[in-house]
Amino acid sequence: MIGTVLCYVLLPAARLLRALRDAFFTCRKNVLLAKSTSTQIEGIFAATRGKSVQEEQEALLQQWLEEGAGNLPASESAPAVGKVSATLTSDWLEGSELLMSSLSDLNSAPEVTWCAGQQLMELCALASSEPQEHAVTKLEKLPEEETVAVVGSAPWAAVVPQTDHQIAGCAPISVGGQHEDPAVLAWSLTGGAEMVPTEPPAWPVQDAVQFCPLLEEVPYHEILWRDWEDLSVQPCELASKNTPLFEFRVMSYNILAQDLVEQGHDLYLHCHPDILNWDYRLPNLLQEIQHWDPDVLCLQEVQENHYWEQLEPTFKKMGFACFYKRRTGRKTDGCAVCFKDSRFQLISVSPIEYFRPGLDVLNRDNVGLVLLLQPLLPEGLDLKAVSPLCVANTHVLFNPRRGDIKLAQMALLLAEIDKIAKTPEGSYYPVILCGDLNSVPDSPLYKFIRNGQLSYHGMPAWKVSGQEDFSEQLHSRKLVAPLWPCSLGVTDNCQYVTRCQPKKPGRHKYSRDFLLQFHFCDVACERPPQLVLLEGVTDAKPDRPAYWPKHAAIVNDPDLQPLIPRSSGVIQHGLNLTSVYSHFLPQRGRPEVTTMPMGLGATVDYIFYSAEPAENGSRGGRRLYRDGVLKLLGRLSLLSEDVLLMANGLPNPFCSSDHLCLLASFGLEVSSLREG
């Protein structure tokens with residue numbers, strides 16, 4: 001990172017007075033001009049310039065020499081000379097005389113010239129190594145326009161104001177176009193790093209008087225660079241390398257609803273207020289989405305009025321067909337799924353509301369969307385040659401203490417996916433599940449989605465998502481089977497009961513052996529509470545004979561699923577989902593993160609996709625998968641916590657959400673075009 005510093009010309013005593021006067025005047029004028037569109041400022045400064053009398057000038061100079069520049073008001077501690085104009089730090093903007101506006105208001109400022117940090121180091125070394133009288137003697141030998149004066153024992157770094165040419169070793173930075181924001185321009189990925197002022201670093205010379213806050217370059221483009229990982233060539237895929245694929249990209253992005261920003265200011269104290277403004281964030285978000293060019297876009301925390309007034313019209317111009325579901329109750333945000341209508345055709349769309357009146361386990365306003373899309377092939381090819389694609393998007397409850405609600409919401413979503421994605425033959429179309437699940441990797445909820453099964457009975461509710469550790473709290477909520485009542489109409493296999501019923505309910509014909517499988521099921525072996533206790537008669541629990549089939553065999557029989565008692569404390573699904581990301585960065589030895597709440601990195605956003613179980617089953621309780629009809633071809637790498645801390649966390653001037661976007665490239669097998 002190239003450090004820079006804004007420096008000033010310090011002239012001999014005879015000329016210092018005039019320079020200070022002009023510098024103070026120019027600084028205050030430039031700041032107000034840069035931060036306000038008012039045309040009256042020019043007149044005000046034209047009328048007030050030159051009113052300072054000689055006595056006031058001499059008194060001001062004496063104050064500088066005796067007390068040091070650091071005691072002056074913030075509005076007068078940063079003169080700008082000539083054509084030098086700089087974006088000021090947040091400390092400077094606290095003065096009541098400055099007009100606050102968004103960062104984009106600075107686009108009309110002149111060219112900003114920065115001096116390389118190497119010059120500061122040379123000047124400081126000169127001031128600290130040479131005696132004062134020798135330093136002054138040497139400095140007098142410089143050309144007149146480059147003269148530097150050392151007053152007292154305080155070395156002041158200085159640079160000559162440049163007008164029409166570039167300072168040696170310094171790079172001029174043009175501040176944007178007429179309507180573009182600097183942070184938006186950075187997404188072009190072809191320009192230089194974005195330079196944003198941050199808090200001033202420590203002055204490098206001991207006992208030095210800090211003349212002005214130092215502006216430090218923050219190359220967000222370099223710090224937050226994310227590599228594209230090509231996964232299209234895998235050893236296990238060599239056998240099917242000649243299979244033609246329908247390739248497409250999927251993005252999942254929590255874009256941070258503006259209402260939630262305004263309701264949770266305490267979460268964003270590290271951010272400058274201007275970068276939290278929606279007018280600043282919206283162009284950044286749209287530029288990021290447009291740059292990565294996804295074919296399917298799943299968004300969370302989409303504010304309703306912003307969606308209808310700004311996002312949907314813009315997405316339609318970008319070629320997307322859009323669907324939106326607002327959260328229930330008084331919530332103002334929701335989820336959206338958009339897809340390129342040139343690549344997909346809509347078959348069906350199913351919005352999901354998780355709120356169920358009267359159910360404590362489903363009393364929150366979260367929602368989801370499930371779409372079934374038909375990929376569009378080139379003309380002359382039958383659409384049936386490629387399988388339909390099921391895309392689901394959701395935002396699960398945040399509350400770390402209510403894992404029971406998270407599990408119930410996920411069960412409802414999986415039941416809806418089961419209904420939409422199931423084929424007439426009983427198998428499933430490929431599924432892609434996106435969303436902010438508010439659960440960390442390897443948490444019980446994550447394992448349930450990926451491994452297809454979870455034994456939850458007796459589990460502390462806070463443990464489900466793994467977001468926080470409440471183990472030291474007494475009397476914490478525990479999950480009890482059944483997690484939801486039968487009236488919900490969802491089985492422990494995350495399927496709607498109506499979907500599990502036999503196709504011909506009027507013809508229930510079961511053999512004796514079939515019915516005897518339930519003779520020793522869990523419910524049959526439990527003593528009913530209302531049963532009168534009779535010694536030797538009703539106090540005995542039957543033992544399961546060794547030759548009777550185990551309960552697991554019944555669970556795996558689809559014909560018996562509607563009849564399985566719902567008191568086992570185990571939920572499962574059969575979608576065979578695995579994560580696009582590994583959640584660990586081997587090259588850095590650190591975990592991936594997708595968000596930075598309160599400065600702590602965590603992964604809560606995911607893209608799951610359909611795969612096939614590997615032949616060797618599982619390893620360490622983790623189910624192993626291999627690509628099936630739907631193949632993962634690539635992904636946009638995530639970042640680690642330490643990297644995001646270098647960019648002051650999330651949001652920042654470069655990333656306008658408190659979450660990182662997730663992006664993956666997939667390929668669907670085109671069956672009728674297989675060679676050989």
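The values are calculated or read from the model by the stated rules, or taken from the named source; none is laboratory data. These figures come from a predicted structure and were not determined experimentally. Note that we place each Cβ from the backbone using ideal geometry, even for glycine, and neighbour counts take in every protein chain shown. For the accessible areas, the whole protein counts, side chains as well, though only heavy atoms, and no ligand, DNA or RNA atoms are used. Shrake-Rupley method; radii C 1.70, N 1.55, O 1.52, S 1.80 Å.
General observations
- The distance between label points at D442 and W228 comes to 3.2 nm (points 7 Å beyond Cα on the Cα→Cβ vector).
- Surface accessible to a 1.4 Å probe, per residue, for the residues of the stretch 289-426, Å²: 39
- Judged by the gyration tensor of its Cα atoms, with axes a ≥ b ≥ c, the stretch 277-362 is oblate; a/c meets the 1.5 cut and b/c is at least as large as a/b.
- 25 Å Cα-Cα threshold exceeded, pairs from K340/K384; K340/K447; K422/K478: K340/K447; K422/K478
- Reducing the stretch 419-436 and the stretch 300-364 to their Cα centroids gives an inter-centroid distance of 19 Å.
- Solvent exposure of the stretch 561-654 as accessible area per residue, Å², 1.4 Å probe: 40
- Under 5 Å from the amide H of R623 lies no amide H of any residue 5 or more positions distant or on a separate chain, with H modelled from the backbone and absent for Pro and chain starts.
- Spatial separation of Cα centroids for the stretch 576-607 and the stretch 450-500, in angstrom: 24
- Placed amide H near I607: partners under 5 Å, 5+ positions off or other chain: V580, Y581
- Taking label points 7 Å from Cα along the Cα-to-Cβ direction, L359 and T328 give a separation of 0.9 nm.
- Around the amide H of I347, modelled in the peptide plane, lie the amide H atoms of L372, L373, Q374, all under 5 Å away and 5 or more residues distant in sequence or on another chain.
- From phi via Karplus (6.51, -1.76, 1.60), per-residue ³J(HN,Hα) for the stretch 344-351 in Hz, x at Gly/Pro: 9, 10, 6, 9, 7, 9, 10, x
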